[in-house]
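**Student:** Let me give you the structure first, and then I'll get to my questions.
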Amino acid sequence: MTNDRKKNGRREFLSVTGKALAGLSVVAGGAGLLSCRTAVEDSAAAGSDAAASFPTPDYDWTKHRWAYGIDATKCIGCLRCVEACKTENNVVRDATHFRTWVERYVYLEGEEQARVDSHSDPQNIAASGSEAEYRFDNRYKDAKVTKAFFVPKICNHCTHPACVQVCPVGATFSTEDGVVLIDHDYCIGCRYCVQACPYGARYFDEEEGVSDKCTWCYHRITKGLQPVCVDVCPTRARVFGDLNDKSSTISEFVDNNPVQVLKPESGNGPMCFYIGIDKDVS
């Protein structure tokens, strides 16, 4: 039996059992979600040394608390972050699959509400000439614009993530260092997490049959590198770092600015902090 067939067979089995148990949890008032052994539980069960070194022997995930910052006053909408993310994480190059994206907010004279579009907007796709290339068109060149800005969006890696709570098989989990990940070997493609995310940060990969999203480039940050979107930003609108390190870029960003988070009323406790946004950004 090939690896693909094994994986598909296992996923079909988990799909049936997971959804059945998810149904039982609803009847029980949500208290009976499937207690699946995630990577977090596996490492803890293996002993304190293993738990401290996940995911590599050289990285102690108990000593970090990662967070992300975005200065919307610096973003110029160049979309290098989007392109770099697609390349780094092998994301499908089309107009509907993104781990990070950028929205444009434009206020016209006489209008109180912002007009919002992103690089997946049909007019912007037409301007780029391809779904595999990303740019904003110049539709407002003759309009009376009173205010305009760009807002990068990304998974907020919440402290109390709704996506983790609704996953019936434990495929979505929170790491010890504050990152929310998806174990694609466990994901059954039910899409509950996609629906539960209040930020629209998840998408479904039809080809692989799994949910996907930003991981803050976990494969990079656990090796001392920055997320690729942070590395390529020409204006340093994106910052990332360890809140446990009081001298880190992110700690200074949070301490020295009137930061905001998106949809605080959701109770998710997002760990992506913004400056330079207004009430229309959600």
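The values are calculated or read from the model by the stated rules, or taken from the named source; none is laboratory data. Given the structure is predicted, the values throughout are model-derived calculations rather than measurements. Don't worry about glycine lacking a Cβ; one is built from the backbone with ideal geometry, like all the others, and counts go over all protein chains shown.
**Student:** In the list Lys141, Lys147, which residue meets the criterion of being of a type in the set (D, E, K, R) and either part of a loop (DSSP other than H, G, I, E, B) or in contact with a His (Cβ under 6 Å, 6 or more places away or on another chain) (or both)?
**Tutor:** Lys141
**Student:** For Gly69, indicate whether it is over 17 Å from the mean Cα position of the chain (by Cα), surrounded by 14 or more Cβ atoms within 10 Å (Cβ to Cβ) and modelled with pLDDT of 95 or more. Show your work before the answer.
**Tutor:** Values: over 17 Å from the mean Cα position of the chain (by Cα): no; surrounded by 14 or more Cβ atoms within 10 Å (Cβ to Cβ): yes; modelled with pLDDT of 95 or more: yes.
Considered against the rule, which asks whether it is over 17 Å from the mean Cα position of the chain (by Cα), surrounded by 14 or more Cβ atoms within 10 Å (Cβ to Cβ) and modelled with pLDDT of 95 or more, Gly69 comes out as no.
**Student:** Further question: Identify the residue in the range 193-217 that is assigned to a helix (DSSP H, G or I) and surrounded by fewer than 19 Cβ atoms within 10 Å (Cβ to Cβ) and, among all such residues, is nearest to the chain's Cα centre (by Cα).
**Tutor:** The selected residue is Val194.
**Student:** Those residues that are crowded, with 24+ Cβ neighbours inside 10 Å and assigned to a helix (DSSP H, G or I), I need them from the range 159-192; list them, please.
**Tutor:** The one that is crowded, with 24+ Cβ neighbours inside 10 Å and assigned to a helix (DSSP H, G or I): Cys163.
**Student:** Please tell me if Ser282 is free of Cβ contacts under 8 Å to residues at least 24 places away in the same chain and of a type in the set (Gly, Ala, Ser). Step through it out loud before you land on a result.
**Tutor:** On the way: free of Cβ contacts under 8 Å to residues at least 24 places away in the same chain: yes; of a type in the set (Gly, Ala, Ser): yes.
Judged against the criteria, Ser282 is a match.
**Student:** Could you check the range 223-242 and list, in sequence order, the residues that are crowded, with 18+ Cβ neighbours inside 10 Å and assigned to a loop (DSSP other than H, G, I, E, B)?
**Tutor:** Gln226, Pro227, Cys233, Ala237
**Student:** Still on this structure, I have one more. Does Asn156 qualify as being surrounded by 15 or more Cβ atoms within 10 Å (Cβ to Cβ), among the polar types (S, T, N, Q), touching a Pro at 6+ places or on another chain (Cβ under 9 Å) and not in a strand (DSSP E or B)?
**Tutor:** So Asn156 fits the description; yes.
**Student:** What is the number of the single condition among (1) under 25 Å from Ser282 (Cα atoms); (2) of a type in the set (A, V, I, L, M, F, W, C); (3) in contact with a strand residue (DSSP E or B) (Cβ under 8 Å, 6 or more places away or on another chain) that Cys233 does not meet?
**Tutor:** Exception for Cys233: condition (3).
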